[in-house]
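The values are calculated or read from the model by the stated rules, or taken from the named source; none is laboratory data. Owing to the predicted nature of the structure, the values given are computational and were not obtained by experimental measurement. Heads up, the Cβs are rebuilt from the backbone with ideal geometry, glycines too, and the neighbour counts pull from every protein chain shown. Each accessible area value is taken on the protein alone, full model and side chains, heavy atoms only, with ligands, DNA and RNA left out. Shrake-Rupley method; radii C 1.70, N 1.55, O 1.52, S 1.80 Å.
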Amino acid sequence: KEFFGLRDNQFNVNPDPRFLFLNRHTQEALACLTYGIQSRKGFMLCQDMPPLSGDQVYQVWFTSNGDAHSAGTFGTDDGTCQLAMDLSFLSARPEGLGITVEKAGGSDRPSDAWVLYADFTGEHPAGP
């Protein structure tokens, strides 16, 4: 703080809105967060996703009791994604969230191995 001549500590346990820098990506993230809270919907942000061929999409799945429920599809030109999701179908906390590569238009069931999987239980499933 003294070395840089700062009056206040920018790095605290609780975020300080005075030090919020809104670039294009953080503005988009804040807009998604605001939308999700106001509409009681969820959203997902990702980066560094590998490019897909024109006839493929990424599909997001919530898993519970060995079953997978689609939360939407997305493509990416620059490796990033922002996906708003209607989560009204969830009746309880899901066991995890997975992403697969599917044919354009999506699928009724995951048809390939997880590209990414976030395990909410502590045990990673073998795949869809």
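For the reader, a short list of remarks on this structure follows.
- Selection count where residues are modelled with pLDDT of 80 or more and on the phi < 0 side of the Ramachandran plot, scope region 27-54: 18
- Condition met for Pro110 (more than 17 Å from the chain's Cα centre (by Cα), in a loop (DSSP other than H, G, I, E, B), of a type outside the set (A, V, I, L, M, F, W, C) and buried (at least 16 other Cβ atoms within 10 Å of the Cβ)): yes
- Only one of the numbered conditions (1) over 30 Å from Arg7 (Cα atoms); (2) modelled with pLDDT of 85 or more is violated by Arg24, and that is (1).
- If you go through region 38-59 and keep only what is in contact with a Ser or Thr (Cβ under 7 Å, 6 or more places away or on another chain) and outside any loop (DSSP other than H, G, I, E, B), you end up with Cys46, Val57, Tyr58, Gln59.
- Residue within region 3-22 that is at positive phi and either open to solvent by 100 Å² or more (accessible area, probe 1.4 Å) or in contact (Cβ under 8 Å) with a residue 24 or more places away in the chain (or both) present: no
- Scanning region 76-94 for residues that are assigned to a loop (DSSP other than H, G, I, E, B) and more than 15 Å from Leu116 (Cβ to Cβ) yields Asp77, Asp78, Asp86, Leu87, Ser88, Phe89, Leu90, Ser91, Ala92, Arg93.
- Single residue of region 29-81 satisfying the filter (aliphatic (A, V, I, L, M) and closer than 15 Å to Glu102 by Cα) that is most open to solvent (accessible area, probe 1.4 Å): Leu52
- Ser88 open to solvent by 90 Å² or more (accessible area, probe 1.4 Å) and small (Gly, Ala, Ser): yes
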